[in-house]
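What follows is one structure encoded as structure tokens, with my remarks underneath.
The values are calculated or read from the model by the stated rules, or taken from the named source; none is laboratory data. These numbers were taken from a predicted model, which means no experiment stands behind them. Cβ placement follows ideal geometry from the backbone for every residue including glycine, while neighbour counts extend to all protein chains displayed. Ligands, DNA and RNA are excluded from the accessible area calculation, which covers all protein heavy atoms including side chains. Shrake-Rupley method; radii C 1.70, N 1.55, O 1.52, S 1.80 Å.
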Amino acid sequence: MGSIKCNWADNSGGKLPLLVSFWGNEDGVSRRRGLKVMREKFKNSWVEFNDFARKALEMGRSDPRKVIFAVKMGLALSLTSLLIFWKGSYQDFAQYSIWAILTVIVMFEFSIGATFIKGFNRGLGTLCAGILAFCFAELSVVAGKFEEVVIVISIFLTGFCASYLKLYPTMKPYEYGFQVFVLTYCILMVAGNRTREYSQAVLTRLVLIAAGAGVTLVVNICIFPIWAGESLHKLVVKNFKDLATSLEGCVNGYLKCVEYERIPSKILTYQAADDSLYNCYRSVVQSTSEEDTLLGFATWEPPHGPYRHNYPWENFVKVSGAVKHCAFTVMALHGCILSEIQAPADRRHVFSNELQKVGSEGAKVLRELGSKLEKMEKLSPGDILKNVHEAAEQLQQKIDHKSYVLVNSEGWEIGGRPMELDLEDLINAAEDENMKLGSKSLSEAVLEVRSVSVGTALCYDAKNTLRTWPSNVSANGGSMVKGDEFKTYESASALYLAKFTSLLIEFVARLGNVLSSFEELSLKANFKDPPIINMPPEPCKGVATWVV
């Protein structure tokens, strides 16, 4: 190709040097662009890998049971694989030892109950398939030249019957057993036809599957066992705590006039979002499928720890169902905060003390029940709902006394309006509980002289962004709508306060179902009695003590 000096001289006549021309033409530009794209892809891949590694490490730290499960899985596979390298072992066992390894892979589940279910299904399916394969194998041998025809027909009948029966509703827990049954039967019939040793093939595979199942059960039960019943217990306790947090957050957020400048799209589509208040009650409502799965696993587990034989796991799900019944009310309370129609702050503060007390007492009851369930203790003597019921009664009395705040009083006609009433008299009359309103609700005049209109009440969201409703009403009180439409907005905003208060009272009413379910569980599960607190005796009053 010549030296660089010659190439430079050849390109000196109005041309670029060789190196410059190589990177300056179209091919050079495309190469640089391709290298740049490759660098960006490699950089993005490296960032994604680091993010994946970080999340995987956090998952192991947050739940060490997952790391233990992975270690046990590797240990079980290692022990089973010794069948392959075991010198002096029977040739068929070493040749078909993959059946034992497949059994470990299929049976080894996260919890003990799930492992027992998989093991039962696999064992029952394999045993039934082995017996049926042995019978049809003898029949095919007797058929002579029609041996293959008998095998094909038997495979069709077996596949048809098993596939149809597993669709029966009560057979759903045994769906995996039917799959194992069909798979084992087909392999045994085909392999036995080739080796002409049906009985030996069936016996070898049964022994290997039993060996894999034995290794799985020993490793999974004896080394840091993970129980589905314990996970169900902790999940129900977590639902109590999450619901209490959501209830307090809803009440506090509503009284502080916390509003969203724009509702996140994830909340609208019921997906996981950054809002902790939303995620708490969402986890409670969406725990049904996980509870049903854990319930199915827990019923297969042997007695362990404080969980005796025939433990009433169904009652745990029943208690959680009562908690979900309350969670639906909390979801509606949060919907009032997310609503486009908002009650003004001055009206909310009329019931602030009562609302705050009902929310705090309700959350206290939920946490108390969750703590008792976690410790597996019965309730202490006394009415645990006494304080929350008193708070709800006080809220209801305040609503009865201040009912004019929850309606549009301009249309509330009782009789003819008084001809002359002083403004101060109207305000004092509204505060006087013993005064009976005669011709028209005197509170109407109080509402008419409020400084800020209901439809233009100013509220601030979490980012202190000024918000008004309706949107076509300006912050300075100017309105772009007609009077009738504006009154409609006023009435709607007041009714949303009534909605929030009524939902909170409904939540208190639903707490009775939670308490009844918990008491039923405590009796059936034989929870321990609460500790007795010895109070010091009070000194007798009015009794003279003489000292001699």
Neighbourhood charge, 13 Å Cβ-Cβ cut-off, centred on I532 and excluding it, Lys, Arg +1 and Asp, Glu -1: 0
query: trypsin sites (Lys or Arg not before Pro) within the stretch 283-332: which are DSSP loop residues with at most 16 other Cβ atoms inside 10 Å?
result: R308
message: Going through the cross-link list K72/K238; K234/K364; K118/K241; K66/K524, which pairs have a Cα-Cα distance over 22 Å in this structure?
response: K72/K238; K118/K241; K66/K524
Where K72, K357 fall by accessible area, highest first, once all protein chains stay in place (1.4 Å): K357, K72
query: With every protein chain kept in the model, how would you rank L35, L369, L167 by accessible area, 1.4 Å probe, largest at the top?
result: L167, L35, L369
- prompt: With every protein chain kept in the model, how would you rank D275, D51 by accessible area, 1.4 Å probe, largest at the top?
  reply: D51, D275
message: Rounded to the nearest 10 Å², what accessible area does C128 have for a 1.4 Å probe in the complete protein model?
response: 60 Å²
- prompt: Could you give the nm distance between label points at L82 and K266, where each point is 7 Å from its Cα heading toward the beta carbon?
  reply: 4.8 nm
task: Over the stretch 36-222, average the accessible area per residue using a 1.4 Å probe and give it in Å², no decimals.
output: 61 Å²
- prompt: Which net charge results for the neighbourhood of E48, defined as the other residues with beta-carbon distances under 12 angstrom from its beta-carbon, given Lys and Arg at +1 and Asp and Glu at -1?
  reply: +3
- request: Taking every pair of Cα atoms in the stretch 36-222, average 1/r, invert it to obtain the Kirkwood radius, and report Rg/Rh to two decimals.
  value: 1.13
message: Whole angstrom only: what separates the Cα centroid of the stretch 284-347 from the Cα centroid of the stretch 35-71?
response: 33 Å
task: Please report the relative contact order for the stretch 36-222, taking Cα pairs under 8 Å with a sequence separation of at least 6, and give it as a percent rounded to a whole number.
output: 30 percent
query: If we count every other residue with Cβ under 13 angstrom of L102's Cβ, Lys/Arg +1 and Asp/Glu -1, where does the sum land?
result: +3
task: Could you pull the accessible area for L255 with a 1.4 Å probe, rounded to 10 Å²?
output: 20 Å²
